[in-house]
Structure formats: C-alpha cells, structure tokens
1. Grab the DSSP H runs of the chain that are 4 residues or longer, score each as -39,500 (n - 2.57), total them, divide by all residues and round the 222 nm result to the nearest 500 deg cm²/dmol.
2. How far, in nm, would the chain grow between residue 397 and residue 292 when pulled straight, counting 0.36 nm per residue and subtracting the alpha carbon separation?
3. Just the Cα atoms of the stretch 224-349, one point each, no solvent: what log10 I(q)/I(0) does Debye give at q = 0.12, 0.16, 0.21, 0.23 Å⁻¹?
4. How high is the relative contact order of the stretch 54-147, given as a whole-number percent (alpha carbon pairs under 8 Å, six or more residues apart)?
5. How far is helix 218-231 tilted, in degrees, relative to the longest principal axis of the Cα atoms in the chain, given as a value from 0 to 90 rounded to the nearest 10?
6. Among 364, 406, 115, whose mean-square fluctuation peaks in a Gaussian network model of the chain (Cα, cutoff 10 Å)?
7. Remind me, relative contact order of the chain in percent, using alpha carbon pairs under 8 angstrom and six or more residues apart?
8. Below 8 Å between Cα atoms, with a sequence gap of 6+, how large is the relative contact order for the stretch 249-307 in percent?
Amino acid sequence: MTFVDRRAFFGLAGAAAVAGAVGPAVAAPPPSGIKSITGSAEPISAAERQARIARAQRLMRESGLSALLIEPGASLVYFTGVQWGRSERLTAAVLPVEGEIAVVTPFFEEPSVRESLGVPAEVLTWNEHEDPLKLVAGWLGKRKLAGPVGVEETVRYFAIDGLQKAMPGVDVRSGAPVVRGCRMIKSPAEIALMQLASDVTIAAYRHTHPRIERGMTPSDIGAIMNEATTALGGNPEFALILLGEASAYPHGSGQPQEVRDGEVVLMDCGCNIHGYQSDISRTFVFGEPTSRQREVWNQMHKGQQIAFEAAKLGATCGSVDDAVRAYYESLGYGPDYKLPGLSHRTGHGIGLDGHEPVNLVRGETTKLAPGMCFSNEPGIYIPGQFGVRLEDCFYMTEAGPKYFSEPPPSLDKPFG
C-alpha cells in the first residue's frame, strides 16, 4: 500500500517526504558491496506496443467506439511509449478504431515528444493561439470517425469539454472497458519487469534491515533503502517507514518518530524497472517482540495466506477480501472495516501504476484471470498501539496465483 500516486514523467520528481515517507534518493555513491541486478532488463518492445494498440482497437469495435482519447500518464506510456507530464497545454494520443494513431502536442514540444514515441503515429501540432481539441476534431472528421469517442478514465474535464465543443453532438463515453481490457492482463514481458523490480526491493530490504539502529528516524531508514535500491539498478518510487504507534495508521503520522527498543518497524517500499513497479511491506520489531506483537503478526501472516488461497481463477476479486474479513472477524476484529482490524481493501492492482484497477475489495465482481497482478496486504491495525502489514504482490497464472516476492516465514525472519 503506497501513500500517494508517485508517477514521475518527463524528469519530474516524485512525491515529497510526508508522514514518514521518503521519495527518490538524491544521487550518492553506491553502498559498498552492492551491484546492479537489472542489467538483463528488457524494455517493452515496439512490437508489443503495436499489439496493444491492435487489442485496443478490437475492444473498441466490440464497444462501438470510433476512437479513444488518452492524456499523459501510464496509459499513454502503455500504448505509445510517450513519457510526458500533464499541464494546461494538451498533449494526447488518439487511437482510432482502425489505422495509425495520432499524437497531438504543442508545436514547440514536438521534438521532445518524439524522443519517447515508440510506435508509428501521425504527430499533429498546434500553436499557442490555437485550440488543440479542434485539431483532434478535424483529424477525426477526415478519418470519418464521428461516432462515439471514448476517453481514458483519467482524462481531465477541460479536454472532454473542449472535444464536445469542437464536435457538437459527439457521443463521449468512458474508455475504461478498452483500457482496462488491455492493461489489466499483463504480458510475459511485463511480468518479467515486475519480477525484477520485486527482486530489487527484497535485496534492498535485506541490505537495510541490519543497518537500522536505535534512534534512527524514518528519513534515515528510507535513505538507506533508496540508496540500496538505486545501487541495485532500480528507480526508487517510495519508502514509507512507520515506527511504533505510527504503524497503527496505514499511511502514517506526522508526529516525530524514531526507532526504539521493543517497538514495531513497518516498512512499505517499492521501485520501478522500465516503469513497472514493485510494492512490498514488511513489519518487524526492533529488539525483543512482546507476545501480543507476535500474536498479531502471526494472525496477519495467516490472513495473507487466506487471501492467496482464495485467489482462484474465476473467483471474483471481492471474494478474496471477503475471505480475509471472515477470518479476522472470527478473531474478534472489526467487524467490516472497523478498528482494531483491517480498515482498507485487501489489495490493489499493480503494473505501470502502483495502484491500478481493479482492487481486491468487497463488492468487486471482476473475475480473476491469468495475467492479472495484485498486492496482497490485509493489515491489522490497533489504534494507539501498533499495526502489522505484510505486503507481497502476485500474478495470476493458468495454475493459479504466483508470488513476485515470497511472504516472510516468521516475525524473527522478516526477509526470509
């Protein structure tokens, strides 16, 4: 579970440190004895992006859409390779139901946009006094694509409003079924990058854990973690470190924290390899755990096992969350989302975004299928005392779920 959306396109920095979270580390000499393990990482090929566009076009035909509008973000990267930030100046891709796509961007940005463009596309440019949505409308008109136009679910209102004004009477619909129908099912190449990102995060954890000392702050620990992640060849996304009572609040506390004997240390960290993310949490105690800490850790450990076992092909995503809550309620937690207990969903989708559709949450009727990827993190939180969260991501195979990172065997061996 991550505390914010950490996407950083076009060289823009990620989230600032908040509530015990540490953003990407400033360049520093690599820790001694650590070498990169990502040299074999293969970026997504142009051929795979073309196959994604072809799949999207098939889904568009099935949905009755003539085109799909996508603003900068993970979906633009997914289909085109273009890495770009959002601003008041529209840059977007238009996927037609057939034929070559178009990318619209300000005239002065065209050379920069082309640098990361990974598929054939017609690049449409507009000058500062012009309306980019009129450019989109004109292109759609020339292609005789005046039918329903889908918009990716994160497209901003000004783009939708501008398109409707430029194409009076156009039927604008949600493009989520098309985009989700592509991005939710990961290819072997995507799985390989996510596996490598998880390997980096686990290796960084193993480097960091023995270097934690009494009196350290979340920032101190996060810096060690991020430096190790960078040295191992990963791009740090986040390092959320919660100490003592702060571990009872899933995304932390703004109160000063430091490592103390007998108190919980909860670490939630991740990185990306060619954009594909890891998200792994570990909870341990600095010094000797109490019997209560051991009990809650073991209960949460079993809750994670129950979620994994419930993740069967064809089962609904909501049923995984239901299985965990039933177990926790049998222990006296909850009920439902009440505390002490599990106050958030059991897991979230993951891929190019740290959090992406769909979630392992009550009422979600989407059925589990091969290629889907999720976090498994049914934490237990006791306000005023401490919390325990173990988080490992898994992907669905033809034989059922498979972990990217194996859960720890015990409180005393938090990293296996």
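1. Numbers: 10 runs with 130 residues, N = 416.
After summing the helix terms and dividing by the residues of the chain, the value is -10000 deg cm²/dmol.
2. 34.1 nm
3. Once normalised to I(0) and log-transformed, intensities are -0.57, -0.97, -1.30, -1.35.
4. Computed value for the stretch 54-147: 25 percent relative contact order.
5. Tilt of helix 218-231: around 60 degrees.
6. 115
7. This gives 17 percent for the chain.
8. Working: 48 pairs, mean separation 17.4, N = 59.
Answer for the stretch 249-307 is 29 percent.
The values are calculated or read from the model by the stated rules, or taken from the named source; none is laboratory data. Since we're looking at a predicted model, the values are computed, not measured. Methodologically, a virtual Cβ is constructed for each residue, glycine included, from the backbone with ideal geometry; neighbour enumeration extends over all protein chains shown. Surface areas here come from the heavy atoms of the whole protein model, side chains and all, with no ligands, DNA or RNA. Shrake-Rupley method; radii C 1.70, N 1.55, O 1.52, S 1.80 Å.
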